[in-house]
Each structure stands twice: as C-alpha cells, then as structure tokens.
Amino acid sequence: MSVRTGVSTACLYPMETEKALSTVCSLGIEATEIFINSHCELEKDFLKGLKGTLDKTSVRCASLHPYTCGIEPMMFFTYYERRFEDMLEYHKKYFDAMNFLGAEKFILHGNKPQNRFADEDYFERYERLYDLGKAFGVTVTQENVARCSGGNLDFLVKMKKALGDKAKFTLDVKQAVRTETSPYEFVKELGNSIVHVHLSDHNDKTDCGPVGSGNLDFERFLGELKNCGFDGDMVLELYRWGFSDEKELMANYSYIKDVSQKIFRF
C-alpha cells in the first residue's frame, strides 16, 4: 500500500498560502494538500515559489483544493452551457498547476441542494470534469461537504452506481459528522472509491478538533479503510481555531502517522 499522511495548508488559513506551505512543510511531514486561495496563486511565478518549498523539504503535494469551490453551483451545475464550458477551461489552470506541483488529487465541493439540478445531469458534469482531469493525469474527487449535494451519503452511493470507476471521493470526517452520518458508514458504502481523506476528530464541544481528542475511534476508522483497499493520502485538516499552535499541529501529525503505520504497516 502507498498510504501517506500529511497536513493541509488550510489548517493555517487565513495565513498566506506560501507562508502556510512553508510552515507545514517545516513540521517534518510526508505530504500536504495545498489550498489555493486566489487567482494570482495559479500564476507560474507564484507556483515556482511553492514548488521550491516542496523541493527543499522533500514534501509531496498530494492534492489541491480550489478557491472557486464557492461558485461551483453557479458555474458547473448550471443549464447555461457556456458558463460551464468557461469553468472547464478555467480548471485547466488548476490542472496545469497540479502537474507543476506534482499533485494527483483535485477536490470538488459540487452543487448545493437549493440549486435545482438533476442528479443525472450532475453526474454528467462531474464526468466531463473528471475526464478533463485525466487528460492532465490528475484525479477529480467529490468531497462529502455537508452543505452540498455530496454531503448526502445516498447521493454519493447513487453517483458511484452511475459512474462506476470514475466516481472518486474525498472523505472528510468533520463533514460526515455534520450530516450526523458515521464516517464508518461512508467507508462501508463507498469502499475503494474513497481515494483521499481529510482527518479531524469531534466531541460534544467541537466537530473539528485534533485526531485523538474526541469520539472518533481512529484505529477502527483506519482499519475499515484498510479493509476496503484504501491506498490514498490522509491529510489533517483543521480550522485555525481548532488547535493552539504549531507544536500541537506537529504533535497531532506525529500521532496520526504513528497509528497509521501500526494499522497499514508501511
């Protein structure tokens, strides 16, 4: 198995992306997810700086998260075809950036339930974006964001049945918790279609805290991922208010890596 552990630059938001990347890479991590926060961060000169940080620290960029996720309902899941085509064209910038940085997984939030769009049309739009990504050698993954259509497990199961091997998912533990659905249930239903994971923990005070601080049975969660054949990346994704300082972030990453090594034996 090629399972790796990492930390997302999103943990340090609203710190500027280049500073956040430099900080998380200094923690001795294996991999990271870079959250692009503005259009200028897709420009080649800016990306060269990010690539320099990755190369200097030997950290692998596992995935990229787009700043345009908030407008995906309007741009992707629309019956105004021209707008959709424009958004496809814009995403070539993300995929070019991913090729430059070495990232393999792209994170899609998707539509919102209040934006009426037939499921079958949603799957067709995802497939077209997925195919475009594959032409660049990257994989588009649907995340289970609670406020979006993909937060509903039944919707994701339907998507998997409709698209077969093209349906790839990023499982975010905190987002599962927000829909009051067990993350273990997501693993059970989506199986090896899960190719990327955002890690966090939860308790009666917060739905997004350091792993090991709450109700998530982390060993069980990893064991069930292993049993379904998971071989992607697991990235710690907290909010800045969810941890005290960089030392706590590093300690939590070390805990995640130690337990992961025990379960996956890598």
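Below, the figures for the structure above:
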{"read-out": "R0 of 22 Å, Cβ-Cβ distance GLU185-ASP217: FRET efficiency to nearest 0.05", "value": "0.95"}
{"read-out": "Accessible surface, per residue, of the chain when the full set of protein chains is kept, probe 1.4 Å, Å²", "value": "43"}
{"read-out": "Label-to-label distance, nm, for residues given as TYR239 and ASP154 (7 Å Cα→Cβ offset)", "value": "2.8"}
{"read-out": "Candidate lysines for bridging to LYS226, where Cα separation is under 26 Å - those fewer than 8 sequence places away on the same chain excluded", "value": "LYS105, LYS134, LYS158, LYS160, LYS161, LYS166, LYS168, LYS174, LYS188, LYS257, LYS262"}
{"read-out": "Sites matching GluC sites (Glu not before Pro) across region 79-187 that sit in DSSP coil, with at most 10 neighbouring C-beta atoms within 10 Å", "value": "GLU180"}
{"read-out": "Carbon and sulfur %, accessible surface of region 148-249 computed with the full protein complex present, 1.4 Å", "value": "42"}
{"read-out": "Contour minus Cα-Cα distance for ASP55 and LYS19 (0.36 nm per residue)", "value": "11.4 nm"}
{"read-out": "DSSP bridge orientation in the chain - percent antiparallel, rounded to nearest 5", "value": "5"}
{"read-out": "Whole-percent carbon and sulfur share, accessible surface of region 1-147, 1.4 Å", "value": "49"}
{"read-out": "Contact order normalised by residue count of the chain, Cα under 8 Å, 6+ apart, percent", "value": "20"}
{"read-out": "Those trypsin sites (Lys or Arg not before Pro) in region 212-266 that DSSP places in a loop and that have at most 12 other beta carbons within 10 Å", "value": "ARG265"}
{"read-out": "FRET efficiency estimate (nearest 0.05) - Cβ-Cβ, LYS48 to SER26, R0 25 angstrom", "value": "0.85"}
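The values are calculated or read from the model by the stated rules, or taken from the named source; none is laboratory data. In this text the structure is predicted, and so the values were computed from the model without any measurement. Note: ideal-geometry Cβ built from the backbone for every residue, glycine included; neighbour counts use all protein chains shown. Quick note on the areas: whole protein, heavy atoms, side chains included, nothing else; ligands and nucleic acids left out. Shrake-Rupley method; radii C 1.70, N 1.55, O 1.52, S 1.80 Å.
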